[in-house]
Amino acid sequence: MADDYELIDSGDGRKFERFGRQTLVRPCSQALWQPRDAASWSRATATFDREDGNRWHGRGSLPKEWTIETAGIRFKLSGTDFGHLGIFPEQRAQWKWIRETVAARMSADGGRRPQVLNLFAYSGGSTLAAALGGAEACHLDASRGMVQWARDNAALNGLQDHPIRWITDDVHKFLRREIRRERRYDAVIFDPPTFGRGANGEMYKIERDLKETIDLVRGVLSERPLFVLFSSHTPGLSCIVAENIMSQAFPKARRVESGEMLLEAASAGAGGAAPRHCPSGVYCRAVF
């Protein structure tokens, strides 16, 4: 399977990555070790830092947009003013798991499409993974621009006619409506921000609002749920915290499993040293 993403090196609070033909250096707060080959970083296509505000260096060397494929999904990328590109490659293992888990349920159910809801859905990696597994999906994000970006990604993957609902809304408002409408989902995926704003300026703070999010998610689960997948990039939110929250919220789950989301370095260092993976958040899955 083609994969256009590579973590080339990391250290000194930064990461050196390849996205197709473009190589980028960007911040990575947990990379507290020394780079393997810092001298090679000067050959990066562009760099981004937050030392004096958000700044790109060499941004003009990047194409306005380009396309890569990773974890069997095609993505449109573009350098944003905040240093993001339209993809979080640390989610690749989750995308593979979503696709395989959905496909297995669909096969077991004689071809019936599982209903999957993706909240805080960004550019659609989890939505597309579910759809490629055969699910009927609902994709929700507060940013109209990101929803359009996700739709563009769907088209890149030949899913423009697949049953996907594209919603721009505040997550809590949407979930309350779905509960009133008695619309239910077999799987729910959510990656809430540490701090964010809804479609109409509603403020979201994870330490204040996560409990309500999970309560509402519980309210839209079908009678025969498949999984609930929670992930977070919030500093200090550990695997144990995530497991405690999810175990309490979903006591009927067959298992609750968690782990670190990683940017995995593909190659070894000098002398065959083990590659240094970069931790980039946590995930927790309640599997029914």
Original post:
Is there a residue in the range 85-92 that is in contact (Cβ under 8 Å) with a residue 12 or more places away in the chain and more than 25 Å from Y283 (Cβ to Cβ)?
Top reply: no
Subject >> Pairs with Cβ under 8 Å, 6+ apart, first in the range 4-20 and within 17 Å of E51 (Cβ to Cβ) and open to solvent by less than 10 Å² (accessible area, probe 1.4 Å), second among the basic types (K, R) and in a loop (DSSP other than H, G, I, E, B) >> reply: G11/R36; G11/R276
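Quick one: in the range 16-40, which of the residues that are of a type in the set (G, A, S) and outside any loop (DSSP other than H, G, I, E, B) is modelled with the lowest pLDDT?
This residue is A38.
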**OP:** Take the residues in the range 61-102 that are of a type in the set (D, E, K, R) and not in a helix (DSSP H, G or I), then tell me which one is nearest to A129 (Cα to Cα).
**Re:** R74
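Residues checked against (1) touching a Gly at 6+ places or on another chain (Cβ under 7 Å); (2) over 21 Å from E260 (Cβ atoms); (3) buried (at least 22 other Cβ atoms within 10 Å of the Cβ):
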| position | (1), (2), (3) |
| --- | --- |
| Y185 | no, yes, yes |
| P193 | no, no, no |
| L216 | no, yes, no |
| G219 | no, yes, no |
| V228 | no, no, yes |
| S231 | yes, no, yes |
**OP:** Output the residue which, of all residues in the range 251-265 that are farther than 16 Å from R224 by Cβ and not charged (D, E, K, R), is most open to solvent (accessible area, probe 1.4 Å).
**Re:** P251
Subject >> Meets criteria (among the aliphatic types (A, V, I, L, M), farther than 26 Å from D170 by Cβ and either touching a residue at least 24 places away in the same chain (Cβ under 8 Å) or assigned to a strand (DSSP E or B) (or both)) for L210 >> reply: no
Original post:
Applying the selection to the range 213-262, what residues are under 21 Å from G196 (Cα atoms), touching a residue at least 40 places away in the same chain (Cβ under 8 Å) and part of a loop (DSSP other than H, G, I, E, B)?
Top reply: H233, T234, P235, L237, S238
**OP:** Test W41 against the stated conditions and say whether it is over 19 Å from L262 (Cβ atoms), among the aromatic types (F, W, Y) and open to solvent by less than 20 Å² (accessible area, probe 1.4 Å).
**Re:** yes
**OP:** Could you figure out which of (1) assigned to a strand (DSSP E or B); (2) open to solvent by 60 Å² or more (accessible area, probe 1.4 Å) isn't true of V282?
**Re:** (2)
Original post:
Among the residues of the range 151-173, is any assigned to a loop (DSSP other than H, G, I, E, B) and buried (at least 21 other Cβ atoms within 10 Å of the Cβ)?
Top reply: no
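Here's the yes/no breakdown for (1) among the polar types (S, T, N, Q); (2) under 14 Å from A137 (Cα atoms); (3) in contact with a His (Cβ under 8 Å, 6 or more places away or on another chain):
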residue	(1), (2), (3)
R177	no, no, no
D191	no, no, yes
K205	no, no, no
K211	no, no, no
V217	no, no, no
S232	yes, no, no
Subject >> Residue count, the range 57-95 (criterion: open to solvent by less than 60 Å² (accessible area, probe 1.4 Å) and aromatic (F, W, Y)) >> reply: 3
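The values are calculated or read from the model by the stated rules, or taken from the named source; none is laboratory data. As the structure is a prediction and not an experimental result, all values here were calculated from the model. Here Cβ is always computed from backbone atoms with ideal geometry, including for glycine, and neighbour counts include all displayed protein chains. In case anyone asks, the SASA skips ligands and DNA or RNA and just uses the protein heavy atoms, side chains included. Shrake-Rupley method; radii C 1.70, N 1.55, O 1.52, S 1.80 Å.
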